[in-house]
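The structure under discussion appears below in the form of structure tokens.
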Amino acid sequence: MTSTNTYDAIVMGAGIAGMYQLHTLREQGFKVKVFETGDGVGGTWHWNNYPGCRFDSESYTYAYSWSKEIIDEWTWTERFAPQPETKRYLNFVADKFDLRKDIQFNSRVAKATYDEANTEWEVELDDGSTARAKFLVSATGPLSAFTLPGIPGRDTFAGESCHTARWPQGDSGWKANDFSGLRVGVIGTGATGVQVIQEIAKTAKEMTVFQLAPNWCAPLNNGPIDAEETAYNREHAQEIFDQCNTTFGAFLHAFDERSAMDVSEEEREALFEKLYAEPGFGIWLANFSDIMTSPEANALITDFIARKIRQRVDNPDVAELLVPKDHGFGTRRVPMETKYFECYNQDNIHLIDLNKTPIEEIVPAGVKCSDKQYDVDVLIYATGFDAVTGALRRIDITGIGGEKLVDKWSNGPSTYLGMQTTGYPNLFTLVGPHNGATFCNIPRCIEQNVEWVSDLIGHMRDKNLNQIQPTQKAEDDWTVHVDELAQMTLFPTADSWFMGVNVNDPSKKRMFMLYAGGAPSYKAKCDEVAAQNYDGFVLK
Ligand code: NA7
């Protein structure tokens, strides 16, 4: 671009949220432009193409619900679809609705500045080109800004290495998931590390896993979806989506209303066993309702999962390394696994406890820990993300009076509904900090976020309004409310990305980053605010 193009709305990011935001605003007759860093649509499912990457949500609950045509024409092959299938799905949607014509790829937004005089945002891309719009919508994803560890010597490694969120393309060898003959090192054992480790274990000559902290993993219990089930899911799609919209996390799984303490030991064990054998997040989200709020109830499921790990891992010393000791089950994100623990029964897979023998440096031949050096050919960083606020922190966003968003949020984010922050009018943060979509079967809540924002923008056009931002009081109250809800749960008892903790960025404030009130309450609150003429916002 040589001159500045002007739109009604600019959307940053062409993942699930950005694609739907583009579609809805365009349907309402707005002129919309999407800027996307990558060279294709799909966001998370575009970038995270490491081997073993797949859903933890039932595929047919993760899909878009807003088009019967999509539901009828798309076939999910597995209960928890692998990443290539999801990427194909999102490309299918982009083609079907001709989304690409309004998406500019390979275009990272570097700066966004609010022009008070014209009540417009000006965005500047990495190449220096600019564009303007009345509304700016961030659809940059809560887990898109990946972090590499600041281990000394990282750049000296002589073999090949990558972060899981930037897996290099290749037709053969390790890039195409064939690790035969190779010694592989993996750093990180979160949800991603677990998925990639269990996949690499199938072909690697040798794998060394460098673990800082184990997580409470549970079986995914994946399987194929046959034609009969596909037909059923299509026919009952609306019921399935409706059911999701009634549950805490907008999954099919709803908490068991009983307390874990109110049933006999036999009954409790029976439910735990049943959930452990069932597909998906049920063990976390269809469990007794107090496992996430009562330390006593949580201790019971924690003990159950610990017993499972000890049963599945042959070497008791290795099993102990895989049993978390510093947090209860479910207080961090539960990685879903398929024979993950059994990997450690293979002679060629080694688990290194970085708490006992920390990494001192990366050297050309591999990883040097305090006791010895591990030589590897390929080094995989499954070290996670600057979660929730990371993508926004990497854009130079300037609001009213020249204030920088990064400065405003230096002590942790503050928002109203997780949708807006005062001083940054007409900027909407889909799946932003303290937004209900952050702890959710994400497309279900993305649709809520997008539709709410689209309705609001439509309302402003109808009423001839130019500007919206929250009152300071609404923002302060929401921030307190989010914290109060979190304190009613056990999430704050664990260090995790939910709590804004990132070992690679100690500057981040420890603060609950999500919304713990559940998807239905969040939606009800957003609907109530809209019905009360956008109570808590100042419109002019
Ligand atoms: P996570 O869950 O943040 O996991 C990152 C992992 O990497 C975790 O085990 C970290 O240990 C480890 N890590 C991070 N930095 C280091 C260093 N410097 N040295 C050793 N180990 C390190 O990210 P994921 O990508 O697995 O999952 C992110 C989300 O994506 C997931 O929750 C899903 O919702 C999808 P730590 O835990 O900090 O001790």
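The values are calculated or read from the model by the stated rules, or taken from the named source; none is laboratory data. These figures come from a predicted structure and were not determined experimentally. Virtual Cβ from ideal backbone geometry, glycine too; neighbours counted across all protein chains shown. Each accessible area value is taken on the protein alone, full model and side chains, heavy atoms only, with ligands, DNA and RNA left out. Shrake-Rupley method; radii C 1.70, N 1.55, O 1.52, S 1.80 Å.
Annotations for the structure displayed:
- The set of residues in the stretch 99-113 being of a type in the set (A, V, I, L, M) and either crowded, with 16+ Cβ neighbours inside 10 Å or out of contact with any Asp or Glu (no Cβ under 7 Å at 6 or more places or on another chain) (or both) consists of Leu99, Ile103, Val109, Ala112.
- Check on Phe248, more than 16 Å from Gly330 (Cβ to Cβ), out of contact with any Lys or Arg (no Cβ under 6 Å at 6 or more places or on another chain) and of a type in the set (Phe, Trp, Tyr): no
- Scope the stretch 454-504; condition closer than 23 Å to Phe428 by Cα, within 16 Å of the ligand (Cβ to nearest atom) and not aromatic (Phe, Trp, Tyr); matching residues: Met499, Gly500
- Verdict on Trp174 being more than 14 Å from the ligand (Cβ to nearest atom) and in contact (Cβ under 8 Å) with a residue 60 or more places away in the chain: yes
- Scan the stretch 197-207 for residues that are more than 11 Å from the ligand (Cβ to nearest atom) and either over 11 Å from Cys343 (Cα atoms) or in a helix (DSSP H, G or I) (or both) and the total you get is 7.
- Taken over the stretch 158-184, residues that are surrounded by 17 or more Cβ atoms within 10 Å (Cβ to Cβ) and either under 24 Å from Pro506 (Cβ atoms) or acidic (Asp, Glu) (or both) amount to 4.
- The set of residues in the stretch 177-206 being among the hydrophobic types (A, V, I, L, M, F, W, C) and either without any contact (Cβ under 8 Å) to a residue 24 or more places away in the chain or in contact with an Asp or Glu (Cβ under 8 Å, 6 or more places away or on another chain) (or both) consists of Leu182, Val184, Ala191, Val194.
- Of all residues in the stretch 153-171, those satisfying the criterion of being within 16 Å of the ligand (Cβ to nearest atom) and either farther than 23 Å from Gln346 by Cβ or of a type in the set (A, V, I, L, M, F, W, C) (or both) are Gly153, Arg154, Asp155, Phe157, Cys162, His163, Ala165, Arg166, Trp167.
- Residue in the stretch 115-128 that is in contact with a Ser or Thr (Cβ under 7 Å, 6 or more places away or on another chain) and among the polar types (S, T, N, Q) present: no
- Glu116 being modelled with pLDDT of 95 or more, acidic (Asp, Glu), surrounded by 19 or more Cβ atoms within 10 Å (Cβ to Cβ) and more than 16 Å from the ligand (Cβ to nearest atom): no
- A Cβ distance below 6 Å, combined with a sequence gap of six or more or placement on separate chains, defines the contacts here; from the stretch 493-518, residues that are farther than 21 Å from Met419 by Cβ and among the hydrophobic types (A, V, I, L, M, F, W, C) reach residues that are open to solvent by 30 Å² or more (accessible area, probe 1.4 Å) and within 11 Å of the ligand (Cβ to nearest atom) in the pairs Ala494/Arg332; Val501/Asp495.
- The stretch 303-340, subset under 23 Å from Asn441 (Cα atoms) and open to solvent by 20 Å² or more (accessible area, probe 1.4 Å), residue farthest from the chain's Cα centre (by Cα): Thr338
- The lone criterion from (1) open to solvent by 10 Å² or more (accessible area, probe 1.4 Å); (2) touching a Phe, Trp or Tyr at 6+ places or on another chain (Cβ under 6 Å); (3) within 11 Å of the ligand (Cβ to nearest atom) left unmet by Val194 is number (1).
- Filter pass, Ala254 being among the small types (Gly, Ala, Ser) and on the phi < 0 side of the Ramachandran plot: yes
- Within the stretch 14-28, the set of residues being away from the ligand (no atom under 16 Å from the Cβ) and in a loop (DSSP other than H, G, I, E, B) comprises Ala14, Gln28.
- When residues in the stretch 386-395 are screened for being crowded, with 22+ Cβ neighbours inside 10 Å and either in a strand (DSSP E or B) or more than 16 Å from the ligand (Cβ to nearest atom) (or both), 1 of them pass.
Okay, residues lined up against (1) open to solvent by less than 50 Å² (accessible area, probe 1.4 Å); (2) in a loop (DSSP other than H, G, I, E, B); (3) away from the ligand (no atom under 13 Å from the Cβ):
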position: Glu342; (1), (2), (3): no, no, yes
position: Asp347; (1), (2), (3): no, yes, yes
position: Thr383; (1), (2), (3): yes, yes, no
position: Ile397; (1), (2), (3): yes, no, yes
position: Val406; (1), (2), (3): no, no, yes
position: Asn411; (1), (2), (3): no, yes, yes
position: Ser414; (1), (2), (3): yes, yes, yes
position: Gly432; (1), (2), (3): yes, yes, yes
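- Of the numbered criteria (1) in contact (Cβ under 8 Å) with a residue 60 or more places away in the chain; (2) aliphatic (A, V, I, L, M); (3) more than 11 Å from the ligand (Cβ to nearest atom); (4) open to solvent by 50 Å² or more (accessible area, probe 1.4 Å), the one Leu212 fails is (3).
- Test result for Asn233, open to solvent by 10 Å² or more (accessible area, probe 1.4 Å), under 28 Å from Ala437 (Cβ atoms), in contact (Cβ under 8 Å) with a residue 24 or more places away in the chain and touching a Gly at 6+ places or on another chain (Cβ under 9 Å): no
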